[in-house]
Amino acid sequence: MKNVLQYLLISIFTFALFSCGNADDDVNFDINQGELGQGKDPDNCLGFEDNELLLSIQEQFTTLPGKVSILFKVSDLQGNPISGLTANQFTIYEQGRNDDCFNTISSSESQARISSNSQVFSNNTLLILDLSNSVLESSLEELKTASTSFVTNVIPSPETDSFKMAIYWFDGENELHLLNPLTSSATELTAAIDGITADISNDPSTDLYGAVIKSTNIAEDLIQENNQASVIGAASIVLFTDGTDQASRFTEEAALKAVNDANRNISFFTIGLGAEIDTDVLTEIGKTASVFAGNKEELETTFTQISQRVSEQANSFYLFEYCTPKRDGSGNNNLVIQLSNGGLQGAVQTKFSADGFTGGCE
């Protein structure tokens, strides 16, 4: 049985939630399509209204003697992440095999609480910069200023190992070049950006689709490494370009397939500059959010807009824990998490097994 994973929310609040086992009716979660992750709509016996907020369960765990844990993210129906929620905004309901409907779980009796464990939820951001000839010749200094602001806005202060960023760049070569590896140091990242020079590239073309595919593969590997280390992980890919794919090493179809088939805990953002970009393609690649600058003077503003979305995305994950009174190991225990926020409500239902559960919690 997996250890309960604890997750330090990157900036404002950290949560501890409850749940375990694999949910029925799992579906892919695409934040722009308003779908749930693991989980389903609550049973009609609860009489809830239609969801105005989406709770997407990402992972579920149980730990003996009786603890249930759930990591989930919250967004509105337009896909905008909801950060800064507090524990008293959530209500928990359980239903066992002998219950006609759900019963409310007492927060005090169940010891529902914010986790203080040092294990973290790992969130990594990959900043991918187009350093093809057109950028280097006409907008390099503006890009460096905007990228520096992005790093400053996204990297938490004080720094934490639970949030790291790496910077890559691409031109026409069949390679995603590493500018700076994953680090929690804003100083290190900004120094790397400052070191970019106009002669950094040897190929004036643009391998945009290759950069999308390669960065997605890197993010997938990071998620897998976290899973192997029993750490829940998420990643954000932020890609900047001032043009379209010119290298033709990879197809648009292959790039979009990589994005659409990616792990649901990977978010995609794009920033486009100038009149030569294909806004439709960049919007599909940046399925979480896309922004466009008409000229290089607007670059810093657009990077700031995306930095806000990246931070909100990271802070929209919540991990709760509680001690369940259930002892049924058949997996027939139903759990509902309901959220109320600013007059809006949302809820999600899942199942868990209490196999081997006894009294008490760590």
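The values are calculated or read from the model by the stated rules, or taken from the named source; none is laboratory data. Computed from a predicted model, the values in this text were never measured in an experiment. Every residue, glycine among them, receives a Cβ derived from its backbone with ideal geometry; neighbour counts consider all protein chains shown. What goes into the accessible areas is simple: the full protein's heavy atoms, side chains included, and nothing from ligands, DNA or RNA. Shrake-Rupley method; radii C 1.70, N 1.55, O 1.52, S 1.80 Å.
When the residues of segment 312-347 are filtered to those that are hydroxyl-bearing (Ser, Thr, Tyr) and open to solvent by less than 30 Å² (accessible area, probe 1.4 Å), which remaining residue is farthest from residue 86 (Cα to Cα)? Full working, then the answer.
Within segment 312-347, the subset hydroxyl-bearing (Ser, Thr, Tyr) is 316, 318, 322, 324, 330, 340.
Narrowing further to those that are open to solvent by less than 30 Å² (accessible area, probe 1.4 Å): 316, 318, 322, 324.
On the way: 316: 11, 318: 10, 322: 15, 324: 21 Å.
Checked segment 312-347; the qualifying residue farthest from residue 86 (Cα to Cα) is 324.
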Pairing a residue in segment 80-103 that is over 16 Å from residue 353 (Cα atoms) and in contact (Cβ under 8 Å) with a residue 40 or more places away in the chain with any residue that is open to solvent by less than 50 Å² (accessible area, probe 1.4 Å) and in a loop (DSSP other than H, G, I, E, B), where Cβ atoms lie under 6 Å and the two sit 6 or more apart in sequence or on different chains, gives 81/316; 82/316; 83/315; 83/316; 92/105
Every residue in segment 250-265 that is more than 22 Å from the chain's Cα centre (by Cα) and of a type outside the set (A, V, I, L, M), please. 250, 251, 252, 253
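Suppose we keep only residues that are of a type outside the set (Gly, Ala, Ser) and in a strand (DSSP E or B) within segment 289-311. Which one would you say is surrounded by the fewest Cβ atoms within 10 Å (Cβ to Cβ)?
Taking segment 289-311 and keeping what is of a type outside the set (Gly, Ala, Ser), we get 291-292, 295-306, 308-310.
From the residues that got through so far, the ones that are in a strand (DSSP E or B) too are 291-292.
Numbers: 291: 19, 292: 16.
Of everything passing the filter in segment 289-311, 292 is surrounded by the fewest Cβ atoms within 10 Å (Cβ to Cβ).
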Of (1) in a helix (DSSP H, G or I); (2) open to solvent by 10 Å² or more (accessible area, probe 1.4 Å); (3) under 21 Å from residue 315 (Cα atoms), residue 219 satisfies all except one. Which? (2)
Whichever residue in segment 170-203 is of a type in the set (Ser, Thr, Tyr) and open to solvent by less than 30 Å² (accessible area, probe 1.4 Å) and, among such residues, is farthest from the chain's Cα centre (by Cα): 201
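Could you pull out the residue among 181, 158 that is in contact with a strand residue (DSSP E or B) (Cβ under 7 Å, 6 or more places away or on another chain) and not β-branched (Val, Ile, Thr)? Let's see the steps before the verdict.
Working: 158 fails: in contact with a strand residue (DSSP E or B) (Cβ under 7 Å, 6 or more places away or on another chain).
Exactly one of 181, 158 is in contact with a strand residue (DSSP E or B) (Cβ under 7 Å, 6 or more places away or on another chain) and not β-branched (Val, Ile, Thr), namely 181.
In segment 325-362, how many residues are of a type in the set (Ser, Thr, Tyr) and out of contact with any Gly (no Cβ under 6 Å at 6 or more places or on another chain)? Please lay out each step first, then the result.
First, the residues of segment 325-362 that are of a type in the set (Ser, Thr, Tyr): 330, 340, 350, 353, 358.
Now restrict to residues that are out of contact with any Gly (no Cβ under 6 Å at 6 or more places or on another chain): 330, 340, 358.
Adding up the residues that qualify gives 3.
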Could you grab me the full set of residues in segment 82-96 that are touching a helix residue (DSSP H, G or I) at 6+ places or on another chain (Cβ under 9 Å) and not in a loop (DSSP other than H, G, I, E, B)? 93, 95
For residue 354: the one exception among (1) at pLDDT below 85; (2) open to solvent by less than 10 Å² (accessible area, probe 1.4 Å); (3) under 24 Å from residue 99 (Cα atoms): (1)
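Only one residue in 276, 225 is at pLDDT below 95 and assigned to a loop (DSSP other than H, G, I, E, B). Which one? Let's see the steps before the verdict.
Details: 225 fails: assigned to a loop (DSSP other than H, G, I, E, B).
The unique qualifying residue is 276.
When you scan segment 266-288, how many residues do you find that are within 17 Å of the chain's Cα centre (by Cα) and either closer than 16 Å to residue 213 by Cα or surrounded by fewer than 17 Cβ atoms within 10 Å (Cβ to Cβ) (or both)? Please lay out each step first, then the result.
Filtering segment 266-288 down to residues within 17 Å of the chain's Cα centre (by Cα) leaves 266-270, 285-288.
Still in the list and also either closer than 16 Å to residue 213 by Cα or surrounded by fewer than 17 Cβ atoms within 10 Å (Cβ to Cβ) (or both): 266-270, 285-287.
Selection size over segment 266-288: 8.
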Note on residue 254: of the conditions (1) surrounded by 15 or more Cβ atoms within 10 Å (Cβ to Cβ); (2) assigned to a helix (DSSP H, G or I), unmet is (1)
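Can you say whether residue 304 is of a type in the set (Ser, Thr, Tyr) and closer than 24 Å to residue 261 by Cβ, as far as the supplied structure shows?
No: the conditions fail for residue 304.
I need the full set of residues from segment 194-216 which are in a loop (DSSP other than H, G, I, E, B) and of a type outside the set (A, V, I, L, M, F, W, C), in order please. Can you show your working first?
Within segment 194-216, the first condition is being in a loop (DSSP other than H, G, I, E, B), and the residues that meet it are 195-207.
Passing the criteria: 195, 197, 199, 201, 202, 203, 204, 205, 206, 207.
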Flagged pairs (Cβ under 6 angstrom, 6 or more apart or on separate chains; first in segment 226-242, more than 17 Å from residue 206 (Cα to Cα); second small (Gly, Ala, Ser)) are 226/122; 226/233; 231/122; 233/122; 235/219; 236/267; 237/215; 237/219
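Looking only at segment 62-105, which residues are more than 20 Å from residue 343 (Cβ to Cβ), among the hydrophobic types (A, V, I, L, M, F, W, C) and open to solvent by less than 40 Å² (accessible area, probe 1.4 Å)? Full working, then the answer.
Step one: list which residues in segment 62-105 are more than 20 Å from residue 343 (Cβ to Cβ), which gives 62-73, 92-105.
Among the residues that remain, those that are also among the hydrophobic types (A, V, I, L, M, F, W, C) are: 64, 68, 70-72, 92, 101-102, 105.
If the condition is that a residue be more than 20 Å from residue 343 (Cβ to Cβ), among the hydrophobic types (A, V, I, L, M, F, W, C) and open to solvent by less than 40 Å² (accessible area, probe 1.4 Å), then 68, 70, 71, 72, 92, 101, 102, 105 are the ones that fit.
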Here the qualifying pairs (Cβ atoms under 6 Å; residues six or more apart or on different chains; first in segment 169-184 and among the small types (Gly, Ala, Ser); second open to solvent by 60 Å² or more (accessible area, probe 1.4 Å) and assigned to a strand (DSSP E or B)) come out as 184/164
